[in-house]
Each structure stands twice: as C-alpha cells, then as structure tokens.
Amino acid sequence: MGNSTFEITELIRHIFFHDWKIKLVALIVAISLWLSVGGLRSPVSKRFSGIPLNLNYPSDLEIINSPVTEVDLIVIGDKNKLERLKREDLVVLVDLSDSKAGEKTVPLTPETVSVELPSGVKIVEILPSKIVVRLDKIVEKEVPVKPQMEGNLAKDFEIYSYQVSPTKVHVRGPESYIRTLEYVSTEKIDIENRKESFTANQVQLNILNPKIRVFEPFVDVSFTIGERRIEKIISFQDEEKKKFVSITMLAPKSVLERIRITDLKLVERSDKSDEHSVVLPEEFQSQIEIKKIKVSPL
C-alpha cells in the first residue's frame, strides 16, 4: 500500500514539475488559442460609411435621375477580420440587367446586392434600404449645329452669313433628352474687331448634358463678313411698260451710293405677268440683295 502511494506521488510530481518551463509555455499558448477561438464565437458589428454603389443595367438604357452613389454598410463578423477590412476595399453592386425603361424602386438588402467580404463576415443592413431609379431608352438622331460668338466686329461691319461643316451632327442619349434637342451649339468663337471673312477650324461642340454623346465633336465654321448693309428704296417710272417700279435693296452704303437707276433692268416673268425680277450689273450682283419689288400701273 505504501509503495503504491509513493508511485502515485512520483507520477504526479513528474507530470506537473518535470520540464515545467516547457509546460508553462504550452499552457500560455493553449490559453491564447482558447481566447482566439472564443473571439470567433463572439462576433461584433461594424459600420462602413461612404461605400460606392455601382448599378449594372442594360447597355441600351441610361439612368436619367440622380440616385445615391454611396451607401453605408453594416456588417458582422470576427473582430480581427473586421479590423483588417478597409472601406476602400468595399463596393456594393446591384444587378439591374433585366430592367426595362421606366421608374422602379430598388431594395438594398443583403439578398439583392453583391459585396466581396472575407469568409465569416456578413452584411446586416444597408443604408439607405432602397433607391429609386429612372431608366430611359437610348436613341440617336441628327441635329443642326449653331455657332456661338463672342466679341464685336470692327465698327460698321457685320456678318453676312456663316457656313458650318458638317451642318448636322449625330448625337446619342436618353430618349427624353434627345427628343427635345433641337440643335447643338459650338464653343464661343472670338470675332472681336474682325472686318474680313474667316474660317474657324476644329471648333469644339458645347454639349452641356453629360448624358448626351456627340459622334463628331468638332466642326469648321466659315464667316462671310463685310461692310454693314442698309436698306434703300429706289423708285422710277418705266415709260415703256407703263409701270411704276419700287425696288427695296440691301447693300453696303458705299455700294448703294454707286448704283444708278439706269443700272437696273426690270424683267417680267413670261409665265406670270404679275411677277418681276431685277437684273443688276455684274459688278453689283454679289453685293446687292433685292429684298422687294413692287410694280403698279401708271
């Protein structure tokens, strides 16, 4: 009996005190592992603010309202994993690939969004919990180009005409925007102190709506500039045709001062006796515009 007691005592002393330093280290490691495992069993939550919200929708549709572009994300999981998780690594994706044109309310829930998260970390809530999205059909059409100008021409000069090349451009965008688009403007063209005709090359088009795309973003604009024109009425009697003639002309003052009644030739259209035209000398044909012809019997 005594020997048995002694052997048991020696066995216990050997278990607990032999290589006690190694066993102490092992105990500390075991306790650390236990605490770590205990942490996994006690998940914590964390809120991430300002997470980008990306909407995936059909290529033939466009969003025409302004839904939120960022959301707050509340997740739950292991404390250590959440501490290593950075806001910059998160993106919330919403699949709208089956959507049609129109307005729809999109719920933002753990089941309707996609977020890449570490294993064991789950989404609890998304704020806001829903958004309203308006989708419009993408269409195309051609619209004319109108030049915009800034500055003033030299004194007593004016723009006679302008020519845009190309005259029309192809645009693409949401149907509700394209339907009401009547023309596209250019960036402002400087005409300060101009007194001669000129061409502005590669002028950029001014598209204010970011939803509208123009396929030809640059145009050339040619301006015809000359002396300021005034209207003048020249009246005379055509004794041969027994008619009184009144002609309203538009031309620079210096040109109108040189024109004489004898330079004007009244021509009566053969098919319509009540309609007339005026033939000008060749030197005046490009300088004078006939605005109105009034003919009455004497």
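The values are calculated or read from the model by the stated rules, or taken from the named source; none is laboratory data. This one's a predicted model, so the numbers in the text were calculated from it and none came from an experiment. Glycine gets a Cβ as well: all are built from the backbone with ideal geometry, and neighbour counts include every protein chain shown.
Across region 13-48, which residue is modelled with the highest pLDDT among those that are surrounded by 11 or more Cβ atoms within 10 Å (Cβ to Cβ) and polar (S, T, N, Q)?
The extreme case among them is Ser45.
Cβ-Cβ under 8 Å, sequence separation 6+ or interchain: first residue in region 92-113 and within 18 Å of Phe48 (Cβ to Cβ), partner among the β-branched types (Val, Ile, Thr) and not in a strand (DSSP E or B). Which pairs?
These pairs meet every condition: Val92/Val115; Leu93/Val115; Val94/Thr112.
Have a look at Thr186, Thr180 and point out the one that is under 25 Å from Ser59 (Cα atoms) and of a type in the set (S, T, N, Q).
Thr180
Exactly one condition in (1) modelled with pLDDT of 90 or more; (2) touching a Pro at 6+ places or on another chain (Cβ under 8 Å); (3) not assigned by TED's automatic domain parsing to the domain that holds Lys168 is false for Asp263; which is it?
Failed condition: (1).
Quickly run through region 269-289 and pick out the residues that are assigned to a strand (DSSP E or B) and surrounded by 15 or more Cβ atoms within 10 Å (Cβ to Cβ).
Within region 269-289, His276, Val278 qualify.
From Lys195, Lys211, grab the single residue that is in a loop (DSSP other than H, G, I, E, B), charged (D, E, K, R) and over 30 Å from Lys291 (Cα atoms).
It is Lys211.
Among the numbered criteria (1) closer than 30 Å to Asp156 by Cα; (2) exposed (fewer than 12 other Cβ atoms within 10 Å of the Cβ), which one does Glu240 miss?
Of (1) closer than 30 Å to Asp156 by Cα; (2) exposed (fewer than 12 other Cβ atoms within 10 Å of the Cβ), only one is false for Glu240: (1).
Within region 73-107, can you find the residues that are closer than 17 Å to Lys122 by Cβ, acidic (Asp, Glu) and surrounded by 11 or more Cβ atoms within 10 Å (Cβ to Cβ)?
Selection gives Asp78, Asp89.
Restrict the check to region 238-249 and report whether at least one residue is of a type outside the set (Asp, Glu), part of a loop (DSSP other than H, G, I, E, B) and touching a helix residue (DSSP H, G or I) at 6+ places or on another chain (Cβ under 7 Å).
no
Working carefully through the options Ser235, Ser222, find the one that is in contact (Cβ under 8 Å) with a residue 40 or more places away in the chain and either surrounded by fewer than 16 Cβ atoms within 10 Å (Cβ to Cβ) or in a loop (DSSP other than H, G, I, E, B) (or both).
Ser222
Scan region 178-186 and give yes if some residue there is at pLDDT 95 or above and in contact with a Ser or Thr (Cβ under 6 Å, 6 or more places away or on another chain), otherwise no.
Within region 178-186, not a single residue is at pLDDT 95 or above and in contact with a Ser or Thr (Cβ under 6 Å, 6 or more places away or on another chain).
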